[in-house]
Amino acid sequence: MSMPKPVRDAYRTELELADQARVAGEPGIEFRHLERAHVIAQAYTFQHVWTHCLMFAFGWRQRDAREIAGQLLRLPAALLMTSIWVPLGNTGGANVSAVKPMPLPDDLKNLLAGPN
C-alpha cells in the first residue's frame, strides 16, 4: 500500500524537522519528530522500517544502548508485522512498549482517520 499524498507530505515534514533538529544539536526535539514520523508511517512498511532505522541511528549517535537494542528488536518486527498489525499511535521508541497502542496526537487524528 502506498502512502496517500497528505500522509506522505506530513511524514516528510516530520523527517525534515527531525533532521533540522539534529543539525541544530537538539536531540530531544529530533526524537519527538521521529516519534511523530513513526506514528504517521506505521501502516506503510517501507516508511515504518525506515523510521526505525532513523531511530536506531539516533540511538547510535546518542550512545544510547537502550535505544539501539530497542530498535534492533523493532526493525525486523516492523518489516514482518506492518501489514498484519501495528499498535495504533505507538511512538516507536525504546522508551515505550513495542506493542502498546497509544492515543493519536490531536493534529494527526484527521490525517490518519481515513481515506486521504
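In this simple spin-label approximation, ASP107 and ARG63 carry label points 7 Å from Cα along the Cα→Cβ vector, and these lie 3.3 nm apart.
Relative contact order for segment 39-116: what is it in percent, counting Cα pairs under 8 Å that are at least 6 residues apart? Kindly include the intermediate steps, with their values, before the conclusion.
Working: 87 pairs, mean separation 23.9, N = 78.
Relative contact order of segment 39-116: 31 percent.
For the residues ALA18, ALA78, ALA69, a GNM of the chain with alpha-carbon springs under 10 Å puts the largest fluctuation on ALA69.
When each of the peptides 80-88, 39-47 is scored by the mean number of other C-beta atoms lying within 10 Å of its residues, the order from highest to lowest reads 39-47, 80-88. Cβ-to-Cβ counts within 10 Å put LEU54, LEU112, LEU73 in ascending order as LEU73, LEU112, LEU54, the fewest first. Neighbour counts of C-beta atoms inside 10 Å place ARG74, ARG8 in the sequence ARG8, ARG74, starting with the fewest. Between TRP85 and PHE46, the simple spin-label model (points 7 angstrom out along Cα→Cβ) gives 2.7 nm. Largest first, the extents of the alpha carbon coordinates of segment 5-99 on the three principal axes equal 37, 33, 17 Å.
Under the membrane-span-like helix rule (DSSP H runs whose alpha carbons stretch at least 18 Å along the helix axis, mean Kyte-Doolittle hydropathy 0.5 or higher), the chain yields 65-81.
Bear in mind these aren't lab numbers, they're just calculated from the coordinates by the rules spelled out. Predicted model only: the values in this text are computed from it and were never measured. Using ideal geometry, Cβ is built from the backbone for each residue, glycine included, and neighbour counts are taken over all protein chains shown.
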